[in-house]
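The values are calculated or read from the model by the stated rules, or taken from the named source; none is laboratory data. Because the structure is a prediction, the values reported are computed rather than measured. A quick note on method: Cβ atoms are made from the backbone with ideal geometry, for glycine too, and the neighbour counts reach across all protein chains shown. Accessible surface is based on the protein model in full, side chains and every heavy atom, while ligands, DNA and RNA are left aside. Shrake-Rupley method; radii C 1.70, N 1.55, O 1.52, S 1.80 Å.
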Amino acid sequence: MVDLKRAEYPLSSKYDAGWLLDCDMGPNPLWLLEDLARDLDLQPGMKVLDLGSGKGATSVFLAKEYGVQVWAADLWVDPSDAAANFAAHGVEATALRAEAHTLPFARAFFDAIVCIDAYEYFGTADNYLAYLTAFLKPGGRLGIATPAMTREIRDLGYIPEHIKKLVGWEALAWHTADWWRFHWEITELVEVTSARLQETGWRDWLTWAEAASEHTGTPDGSLEMLHADQGEYLGFALVSARKPG
Ligand SMILES: C[S@@+](CC[C@H](N)C(=O)[O-])C[C@H]1O[C@@H](n2cnc3c(N)ncnc32)[C@H](O)[C@@H]1O
């Protein structure tokens, strides 16, 4: 039986490891969200968009742990998969298929938008922050957890071989926490409240990959990359911001 209980993530530790690993689409989403939420000031009743919500584990967590109303929007996963998870956990959340550039919501609808391990697929373009923050109320919060580098690939001048082997050019969307801070702050569309590389990022990612391998009986695709890395380049960035007003 895989154990995913961690003292530093007490809220996440309440959830069944088997269920979390069945929902697996990327590393340790609840640990990332629990850490990110420390920077977000989520309050009961808030309207929250879980963007790139996958199979909905993070949406269940948002609804149950913070008492917020959740809209779970995802492109690749059938919304009925997330809806089944909501029903199984007694959570009232809305699951929908949506593409991150054509979101079907009214302007200024959300109190907060969170995005766990998905922003890197669509959020690095210069104009995306302006598009997304239009859906936030004044004073609303945006928080992302995204795979990160300790050094910019542009500064290195190359993609480290062990990273290139697994993700190829897509690693270009993995940035340092400081890159994200500058990329958002310079727009003056938001005030960046926190941009940090998780101290435990690489270790947590490896722990999850090992647990996922044990759960499925097949080595997780990222294991080789993470072992080669040893935390030299890889981790997760948690970036939070507030829309002025
Ligand atoms: C690595 S998975 C993470 C899922 C979930 N947040 C989690 O952590 O378990 C990335 C998710 O991003 C979503 N995604 C990728 N591109 C997207 C886009 N253009 N619009 C909406 N969602 C997108 C995918 O559907 C996928 O579920």
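For first residues located in region 25-37 and in contact (Cβ under 8 Å) with a residue 60 or more places away in the chain, partners that are within 7 Å of the ligand (Cβ to nearest atom) and of a type in the set (S, T, N, Q) and lie 6+ apart or on another chain with Cβ distances below 8 Å form the pairs 29/58; 33/58. Do the conditions hold for residue 91, that is, is it within 17 Å of residue 116 (Cα to Cα) and β-branched (Val, Ile, Thr)? In short, no. State which residue is nearest to the ligand (Cβ to nearest atom) when the search covers only region 61-73 and only residues that are in contact (Cβ under 8 Å) with a residue 40 or more places away in the chain and not aromatic (Phe, Trp, Tyr). Step by step, filter region 61-73, then rank; the result is 62. Residue 55 passes every criterion in (1) within 12 Å of the ligand (Cβ to nearest atom); (2) among the basic types (Lys, Arg); (3) surrounded by fewer than 18 Cβ atoms within 10 Å (Cβ to Cβ) apart from (3). Among the numbered conditions (1) open to solvent by less than 10 Å² (accessible area, probe 1.4 Å); (2) under 13 Å from the mean Cα position of the chain (by Cα), the only one that residue 48 does not meet is (2).
Looking across region 153-174, just one residue is open to solvent by 20 Å² or more (accessible area, probe 1.4 Å) and either touching a Cys at 6+ places or on another chain (Cβ under 9 Å) or under 23 Å from residue 35 (Cα atoms) (or both), and that is 174. Based on this model, can you work out whether residue 86 counts as more than 12 Å from the ligand (Cβ to nearest atom), among the aromatic types (Phe, Trp, Tyr) and open to solvent by less than 10 Å² (accessible area, probe 1.4 Å)? For residue 86, the condition - more than 12 Å from the ligand (Cβ to nearest atom), among the aromatic types (Phe, Trp, Tyr) and open to solvent by less than 10 Å² (accessible area, probe 1.4 Å) - is met.
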